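See structure below.
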Amino acid sequence: MSEAIKTDVLIIGAGPCGLFAVFELGLLDIRAHLVDILDKPGGQCAELYPEKPIYDIPGVPMVTGHGLTEALMEQIKPFNPSFHFGEMVNTLEKIGDPGFRVTTDAGKVFECKVVVIAAGGGSFQPKRPPVPGIEAYEGTSVFYAVRQMDRFRDKNIVIVGGGDSALDWTLNLHPLAKRVTLVHRRDDFRAAPHSVEQMRALVASGKMDLRIGQVTGLEGAGGVLSAATFKGNDNAVSTIPCEMMLPFFGLTMKLGPVADWGIALEHNLIPVETSGFETSMPGIFAIGDINTYPGKIKLILCGFHEGALMAQKAHRYVYPEKRLVFQYTTSSSSLQKKLGVN
Ligand SMILES: Cc1cc2nc3c(=O)[nH]c(=O)nc-3n(C[C@H](O)[C@H](O)[C@H](O)COP(=O)(O)OP(=O)(O)OC[C@H]3O[C@@H](n4cnc5c(N)ncnc54)[C@H](O)[C@@H]3O)c2cc1C
């Protein structure tokens, strides 16, 4: 385990609510680190609907999931938050009053005064395709996300799926792979039309393969893949030699380790009081889709409101000796200074 990273607040989840919480905390001089399982910020907006328009962000008539994430990242820049992507928060332990020690699955340790759980519907977990024995190859030859492209260099790769992830990684990995074979159950793709066009052009010029059908089995030994069994829609069975397979069958959301921290839960959600969105454990707050209270609506704007009130209450734990004076960004020169606009 590494040396503990000390911070005022640890935010679990870099979805829209976790990101906006950085802003509200930052205005009160509260520093934050954020951990997210995904390899990028934005939570559901970035992972589930980056291109879809959102019409109910106050004052913003239309913005895509990706656009909102970009705008939030720009808005929190003055507070220079530290991000830890590709890591899942695993354990949480009380070490003081207030004080918590939190660890991630990558062995990182944080010590903080306040924890903000902004974990949405929980952790996104990839759907496993129904291929017998696939578990034996996971993490060695079968991957559900690409963390390091170099791992796929000079390899024969089978990519399975017909959505944006499958097409994006087909296009990104094809220049460095030995050969990419895209397998999809029908010759019709849900991905962005431009990506589909690019993929078809590569197939037409003989630079990659497209097979319509399903992967029904895997061959290999000791977790190292040597081939995938392929069954075409005409029921003909063949093998595709490959050392790597990337199935992209979508994501499900599971509450994950949050459920083991001793915080009261209600139907897999975290009940909070509504003056500061604190959980049953003092010093631990829950904002956004993960919390529940009478009248709760799972809307981004509600999570933003919760972040603002959470920050006011978190201030008492971080600066117990300081009185908090409420200020507007329009008229407070000290807030404007923090934002770098004055
Ligand atoms: C298709 C679709 C369309 C939508 N349209 C709208 C709309 O028009 N307007 C609107 O207001 N809302 C909309 N929503 C809902 C909106 O996206 C959610 O309300 C919002 O994303 C909740 O934000 P959040 O920050 O609470 O959680 P999320 O966006 O779910 O982010 C939570 C983050 O926490 C991370 N995480 C979870 N557990 C851990 C852990 N243990 N360790 C580390 N990281 C963890 C996850 O990886 C994730 O990135 C839509 C949702 C969907 C699916």
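The values are calculated or read from the model by the stated rules, or taken from the named source; none is laboratory data. Please read these numbers as outputs of a predicted model, since none were measured by experiment. Backbone-built Cβ (ideal geometry, glycine too); neighbour counts: all protein chains shown. For accessibility, only protein heavy atoms count, side chains too; no ligands or nucleic acids. Shrake-Rupley method; radii C 1.70, N 1.55, O 1.52, S 1.80 Å.
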Q) Kirkwood-based Rg over Rh for region 243-289 (C-alpha set), two decimals? A) 1.21
Q. Which residues in region 103-118 have a backbone N closer than 18 Å to a point placed 7 Å from the Cα of Ser2 along the Cα-to-Cβ line?
A. 103-112
Q: For region 264-320, calculate the relative contact order in percent as a whole number, restricting contacts to Cα pairs under 8 Å that are 6 or more residues apart.
A: 32
Q) Given Cα pairs under 8 Å that are at least 6 residues apart, what percent is the relative contact order of the chain? A) 19
Q: Over region 70-114, consider all pairs of different Cα atoms and compute the Kirkwood hydrodynamic radius from their mean reciprocal separation; express it in Å, one decimal.
A: 12.2
Q: Only loop residues by DSSP count here, and only those with at most 15 other Cβ atoms within 10 Å; note down the chymotrypsin sites (Phe, Trp or Tyr not before Pro) in region 21-80 that meet that.
A: Tyr55
(Q) Give me the percent of accessible area attributable to carbon and sulfur for region 34-165, probe 1.4 angstrom. (A) 51
Q) Leaving out ligands, DNA and RNA, what percent of the accessible area of region 183-342 is carbon and sulfur, probe 1.4 Å? A) 54
(Q) Under the √(5λ) rule applied to the eigenvalues of the Cα gyration tensor, what semi-axes describe the equivalent ellipsoid of region 125-180? Give them in Å, descending. (A) 19, 14, 10
Q. Binned at 10 Å from 0, what are the whole-percent values of the Cα-Cα distance distribution for the chain, short to long?
A. 5, 23, 28, 21, 15, 7, 1, 0
**Q.** Contour minus Cα-Cα distance for Arg186 and Val60 (0.36 nm per residue)
**A.** 41.5 nm
Q | Asp39-Lys254 pseudo-label distance in nm [points 7 Å out on the Cα-to-Cβ vector] | A | 2.1
Q. Quick one: helix 16-27 against the long Cα principal axis of the chain, what's the angle to the nearest 10°, folded into 0 to 90?
A. 30
Q. Helix 164-173 versus the longest principal axis of the chain: what angle, 0 to 90°, nearest 10, using Cα atoms?
A. 70
Q | Å² per residue, accessible surface of the chain at 1.4 Å | A | 48
Q: Please work out the ratio of the alpha-carbon Rg of region 68-194 to 2.2 N^0.38 Å and round it to two decimals.
A: 1.39
Q: Take the alpha carbon atoms of region 1-156, find their radius of gyration, then divide it by 2.2 N^0.38 Å using N residues; give the quotient.
A: 1.18
Q: Measure up Lys6/Lys298; Lys52/Lys231; Lys108/Lys296; Lys40/Lys155 against 28 Å on the Cα-Cα distance and list the ones that go over.
A: Lys6/Lys298; Lys52/Lys231; Lys108/Lys296
Q. Using a Gaussian network model of the chain with C-alpha springs under 10 Å, which one of Ala201, Ala145, Ala311 is most mobile by mean-square fluctuation?
A. Ala201
**Q.** Listed residues Val116, Val180, Val22, most fluctuating in the chain (Gaussian network, C-alpha, under 10 Å)
**A.** Val180
Q: Report, in whole Å, the centroid distance computed from the Cα atoms of region 230-264 and region 96-171.
A: 11
Q | Restricting region 272-342 to trypsin sites (Lys or Arg not before Pro) in coil, as DSSP defines it, with at most 15 other Cβ within 10 Å | A | Lys296, Lys298, Lys322, Arg323
Q: Take the alpha carbon gyration tensor of region 88-159, find the square roots of its eigenvalues, order them as a ≥ b ≥ c, and report rounded if a/c is under 1.5; if not, report prolate when a/b exceeds b/c, else oblate.
A: prolate
Q) Using the Cα atoms as the points, what is the convex hull volume per residue of region 206-323 in Å³? A) 245
Q. What shape does region 120-247 take by its C-alpha gyration tensor, where a ≥ b ≥ c are the square roots of the eigenvalues and a/c under 1.5 counts as rounded, a/b above b/c as prolate, and the rest as oblate?
A. rounded
Q | Tensor-based shape of region 256-323 (alpha-carbon gyration tensor, a/c under 1.5 rounded, otherwise prolate or oblate) | A | oblate
Q: Starting from the eigenvalues of the Cα gyration tensor, five times each then square-rooted, give me the equivalent ellipsoid semi-axes of region 158-202, largest first, whole Å.
A: 15, 11, 9
Q. For the pair Glu266 and Ser82, what calculated FRET efficiency results from E = 1/(1 + (r/R0)^6), where r is the Cβ-Cβ distance and R0 = 30 Å, to the nearest 0.05?
A. 0.40
**Q.** Fluctuation leader among Gly42, Gly18, Gly162 - the chain, Gaussian network, Cα springs under 10 angstrom
**A.** Gly162
